[in-house]
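Scroll down for the structure; my scribbles are underneath it.
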Amino acid sequence: MDKSKGELMLKHTKIGIFAVLLATTSVAVAQDTPPKPEWGTVVATVNGMDITIGHMIIARETLPQQYLTLEDGVLFEGILENLIQQNILAQSVKGNVSLRDQTAMDNQTRSYMAGSAVDAVLSTAVTQEKLEALFNETYIGGEPEMEFNAAHILLEKKEEADLVVQLLDAGSDFAELAREKSTGPSGPNGGNLGWFSKGAMVPAFEEAVIALEDGTYSAPVESEFGWHVIHRIESRVQDAPTFEDVRDELEAELQQRALAKAVEALEGNAEITRTEVVIDPTVLQDPEIVGK
């Protein structure tokens, strides 16, 4: 099957049908409420292949939001017709599936099942008790976090930074020197970087700031950006956030921890063998490997 044509036809059946439905006005007809079907209740059969209420429910969950505003009856008929046409198209290539298509289906199945496993792990990862415990662990217990207000003069060469230190030792004003000599974007502002906390700066810069006392400046400090002369203007204890301020971050952290723990446990019980064949990584760019 020509994959591009197949995709165009599927796109037509999925979008075309619902585009027509969106433009259709219908009048609801009062009816007695029918009995509630089960997940496996068959609503149509295409060449012996059943389409069930379950298939329709899953199909509805994947629709764009715009289609979910349709009247229930119109949406029901649209989904059913779409699934019927998909079955007809899919069955037309039965027994003639290309290696590329089969591999793509393998990947999609694997990805979906992995996503289902992730959902199962995450569904129990977050509780109010766990959130409160993590909040206390992160923001209440331990040493308070510090914030720093600092400025710097960025120079290309150590010799230039040494000269700046000598000028500061002789009484020159730090902000004036920054405006005159700094190559960094903060130079015109007197080198001022404002307030920041740990993790905001590159390690060498951060370590130098932490080691300084308020109101003092550093010897030349090298980083990937050049040579810095740093002035620690002042510091303060960082205010602890409220629980609600960081609730989303706490939830994400709990989910990440739970998922990492689950994957580690599964890997520990899995038999994983990596073949020792040497493969040029650029082969991933060769579509002819799996054909068309």
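Observations on the model:
- Treating r as the C-beta distance of Lys36 and Thr273 and R0 as 51 Å, the FRET efficiency rounds to 0.55.
- Residue of Arg232, Arg274, Arg110 that the Gaussian network model of the chain assigns the largest fluctuation, springs spanning Cα pairs under 10 Å: Arg274
- Helix-only [θ]222 nm of the chain, DSSP H runs n ≥ 4, -39500 (n - 2.57) each, per residue, nearest 500: -14000 deg cm²/dmol
- Taking amide hydrogens as placed 1.01 Å from N in the peptide plane, the amide H of Gln238 sits under 5 Å from those of Glu145, Met146, Glu147, each at least 5 positions away in sequence or on another chain.
- Computed over region 27-183: relative contact order in percent, which uses C-alpha pairs under 8 Å that are six or more apart: 12 percent
- Rg/Rh for region 53-193 (Cα atoms only, Rh after Kirkwood) is 1.38.
- Taken over region 36-118, the convex hull of the Cα atoms encloses 131 Å³ per residue.
- Note on region 180-227: the C-alpha convex hull projects to 3.7 nm² when averaged across all orientations.
- Residue of Glu276, Glu143, Glu176 that the Gaussian network model of the chain assigns the largest fluctuation, springs spanning Cα pairs under 10 Å: Glu276
- Cα gyration tensor, region 207-253 - rounded (a/c under 1.5), prolate or oblate: oblate
- Solvent accessible area, Å² - Thr273, 1.4 Å probe, full protein context: 110 Å²
- Positive contributions from Lys and Arg (+1) and negative ones from Asp and Glu (-1), summed over other residues with Cβ under 15 Å from the Cβ of Val202, come out at -3.
- Taking the longest Cα principal axis of the chain as reference, the axis of helix 72-91 is set at about 80 degrees.
- Accessible surface of the chain [probe 1.4 Å, protein heavy atoms]: carbon and sulfur percent: 55 percent
- Orientation-averaged projected area, Cα convex hull of the chain (nm²): 28.3 nm²
- Loop-located trypsin sites (Lys or Arg not before Pro) in region 153-184 (DSSP state not H, G, I, E or B) with no more than 14 neighbouring Cβ atoms inside 10 Å: Lys157.
- For the residues Pro37, Pro241, Pro144, a GNM of the chain with alpha-carbon springs under 10 Å puts the largest fluctuation on Pro37.
- ³J(HN,Hα), Karplus 6.51/-1.76/1.60, whole Hz, each residue of region 257-267, x for Gly, Pro: 5, 5, 5, 4, 5, 5, 5, 4, 5, 5, 5
- Solvent-accessible area per residue in the chain equals 70 Å², computed with a 1.4 angstrom probe and all protein chains kept.
- Taking amide hydrogens as placed 1.01 Å from N in the peptide plane, the amide H of Ala44 sits under 5 Å from those of Ile51, each at least 5 positions away in sequence or on another chain.
- Computed from the C-beta positions of Glu222 and Glu180, the FRET efficiency with R₀ = 25 Å rounds to 0.75.
- Within-13-Å neighbourhood charge of Pro188 [Cβ basis; K, R +1; D, E -1]: 0
The values are calculated or read from the model by the stated rules, or taken from the named source; none is laboratory data. Note that the structure is predicted; figures quoted are calculated from it, not measured. For neighbour counting, all protein chains shown are included, and Cβ atoms are generated from backbone atoms with ideal geometry for every residue, glycine included. Remember, those area values only see protein heavy atoms, side chains included, never the ligands or the DNA or RNA. Shrake-Rupley method; radii C 1.70, N 1.55, O 1.52, S 1.80 Å.
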